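The values are calculated or read from the model by the stated rules, or taken from the named source; none is laboratory data. Being a predicted model, the structure only gives us computed values, none of them experimental. For neighbour counting, all protein chains shown are included, and Cβ atoms are generated from backbone atoms with ideal geometry for every residue, glycine included.
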Amino acid sequence: MEDIIISLNASNIIVNLFFVIIVFIIGAFLAKKFGKATEKLLINIRLDQAIKNLGWQQFFEKYKANVKVSNFLGIIIEFYILLITLMVSSEILNFPVLTNFFLNIVEYYPNILISMVIFVIAVFVAEFSKKIIYLDSKDKYSSSLGSFIASATWILAILAILYQLNIVPELVIVLFMGATITLVLIVGLSFGLGGQEIVKKFLKKFEKKIK
């Protein structure tokens, strides 16, 4: 009887290992596909070009770091699929501790994905502000406005990412409120000190450029 039980257990282990191998092969395939698809999507929307326009590529090259942001974000997506694969595999093998470990990481991962979206949006807003700077290089006010938009974007984006990643969220909320109030005061003062004419002038020139 004991031999039969041992034989059944051995058979179950073999069957489970077989399913784990199948799950891992499928998971690795999907991870590679989703990672490459994400990288291709980011390249198509010109994320790497936007990073280059912001001068980041020169910074990476200065320290001999061959970094492509689209590739890095694609790897993050790929790693997410692999984590799900490992979680399912450990569940099949009945390793509850390992399953819970991977489950905790998988449940946290949406915070990372949302942070990625915030980062991508911030990059494009900052790049757009740089284009505003070069609409009329002789007008110093357009340059100041572009720099202000870029700085404000990165401050708010960094705080939003830190909050999304649950890094000292209480402090981030305080800093976010302080930054928002400061930005509102700056904008209010600029309009109160004659900024309206500057903005009107800038918008007219911007409209002419578009036409």
Please verify whether segment 12-31 includes one or more residues that are assigned to a helix (DSSP H, G or I), closer than 30 Å to ILE77 by Cα, within 19 Å of the chain's Cα centre (by Cα) and at pLDDT 90 or above.
yes
Any residue that is more than 28 Å from GLY55 (Cα to Cα), at pLDDT below 75 and surrounded by 12 or more Cβ atoms within 10 Å (Cβ to Cβ) - is there at least one of those in segment 180-191?
yes
Enumerate the pairs (first residue in segment 150-169 and in contact (Cβ under 8 Å) with a residue 12 or more places away in the chain and buried (at least 19 other Cβ atoms within 10 Å of the Cβ); second residue anywhere and acidic (Asp, Glu) and in a helix (DSSP H, G or I)) with beta-carbon separation below 9 Å, excluding pairs fewer than 6 apart on the same chain, so at least 6 apart or on different chains.
ALA150/GLU127
